[in-house]
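Heads up: the structure comes next, in structure tokens.
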Amino acid sequence: VSYRLFYWPDLQGRGEFVRLALEAAGADYEDVARRRGSDKGVEAMTGRMEGIARSSFAPPFLEHEGRIIGQTAAILLYLGPRLGLAPNDEIDRLWLHQIQLTVSDLVAEAHDVHHPVGTGLYYEDQKPEALRRAAEFRTARIPKFLDWFERILDENPQGPAHLCGSSLTYADLSMFQIVEGVRYAFPKAAARALKKTPKLVALRNRVARLPNIEAYLDSKRRTPFNESGIFRHYPELDA
Ligand SMILES: N[C@@H](CCC(=O)N[C@@H](CS)C(=O)NCC(=O)O)C(=O)O
């Protein structure tokens, strides 16, 4: 195995952005915490976060050729050129990274909607605050993020088929996941916002039809969305 991905086994979460890149490229990888065996499983993952140089703060992280790389956007920055999912030019790569960091911001906010008071508390213990946070997220933040993705597609000098340059990148794959995620968690708010972002929806549809992605989505490796992940469907938060 060339790449070892470490992430919580039963949810898509942040690991999914990395999985989509590995799957789209047909990379040889192992989803370590989902496997059983001596150096596999969740214990192997938490073990890999201690007692080594440059250990990661939190999953996801990647092991490749003796290196450990944490932080979703940094993992993708590393994988992009290796998997043929990033442009060659340095400034284009920085732009792609900037887009991915914005995806990370959106993901953090989507998480904080159901955990506005504390990451260590249950959703059930922060429901009134979650209701308030969700209202703002639905009406202001989802449209603001999605409109920005639409705008950068529209303004791509190489055309609106991709976010950066004229071929597929890891950020395009992340757009698929963002659209799926907001549709799952906030179906009504997402439908409203996505009506105004046809190029983003078209990109999502093209990614879904990529042969490797189609095969992945049909496989058991794609965990369904659930209420342990980042994008959670609590109907009261999509009022
Ligand atoms: N900014 C990091 C965040 C990583 C993160 O928050 N990971 C979560 C799972 S999605 C976790 O395990 N957090 C444990 C903690 O923060 O203590 C990234 O994008 O990778």
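The values are calculated or read from the model by the stated rules, or taken from the named source; none is laboratory data. Given the structure is predicted, the values throughout are model-derived calculations rather than measurements. Positions of Cβ are backbone-derived with ideal geometry, glycine not excepted, and every protein chain shown enters the neighbour counts. The area values use the complete protein model at the heavy-atom level, side chains included, leaving out ligands, DNA and RNA. Shrake-Rupley method; radii C 1.70, N 1.55, O 1.52, S 1.80 Å.
What is the packing order of peptides 127-139, 178-190, 9-21, taking the mean over residues of other C-beta atoms within 10 Å and listing the highest first?
In decreasing order of mean packing, 127-139, 178-190, 9-21 become 9-21, 178-190, 127-139.
Would you please give the residues with an amide H less than 5 Å from that of Gln158, counting only those at least 5 places away or on a separate chain, with H modeled from the backbone geometry?
Here the answer is Gly165, since their amide H atoms fall under 5 Å of that of Gln158.
Pairs of Cα atoms under 8 Å, at least six residues apart: use those to get the relative contact order of the chain, whole percent.
Numbers: 341 pairs, mean separation 51.8, N = 239.
Relative CO of the chain lands at 22 percent.
Accessible area per residue, 1.4 Å probe, Å², for region 57-201: what's the number?
Heavy-atom SASA per residue in region 57-201 reads 47 Å².
Counting other C-beta atoms within 10 Å, and keeping those with at most 12, which DSSP coil trypsin sites (Lys or Arg not before Pro) do you find in region 51-92?
Within region 51-92, the qualifying trypsin sites (Lys or Arg not before Pro) (loop, at most 12 other Cβ atoms within 10 Å) are Arg54.
With a 1.4 Å probe and every protein chain kept in, tell me what percent of the accessible surface of the chain is carbon plus sulfur.
Roughly 51 percent of what the probe reaches on the chain is carbon or sulfur.
Local charge sum around Leu194 (other residues, Cβ-Cβ under 10 Å, Lys/Arg +1, Asp/Glu -1)?
My count for the surroundings of Leu194 gives +4.
With θ taken as phi - 60° and the coefficients 6.51, -1.76 and 1.60, list the Karplus ³J(HN,Hα) couplings across region 61-70 in order, rounded to whole Hz; mark glycine and proline as x.
9, 10, 10, 8, 6, x, 9, 10, 10, x
As an exercise, use a Förster radius of 35 Å and the Cβ-Cβ distance of Tyr122 and Glu43 to find the FRET efficiency, rounded to the nearest 0.05.
0.90
Given H placed on each backbone N at 1.01 Å, which residues far from Glu30 in sequence or on other chains put an amide H within less than 5 Å of it?
Tyr3, Arg4, Leu5
³J(HN,Hα) across region 21-37 via Karplus (A = 6.51, B = -1.76, C = 1.60, θ = phi - 60°), whole Hz, x for Gly/Pro?
Running phi through 6.51 cos²θ - 1.76 cosθ + 1.60 with θ = phi - 60° gives 5, 5, 5, 4, 7, x, 6, 8, 9, 10, 8, 4, 5, 8, 9, 9, x Hz.
Go through region 31-99 and name the chymotrypsin sites (Phe, Trp or Tyr not before Pro) that are in a DSSP coil and have 10 or fewer other Cβ atoms within 10 Å of their Cβ.
Values: sites: Phe57, Phe61, Tyr78, Trp95; in loops: Phe57.
Listed in order of number, the matching sites are Phe57.
Tell me, what ³J(HN,Hα) does each residue in region 114-121 have, in order and in whole Hz, if you take phi through Karplus 6.51 cos²θ - 1.76 cosθ + 1.60 with θ = phi - 60° and put x for Gly and Pro?
The phi angles translate into 8, 10, x, 8, x, 5, x, 9 Hz.
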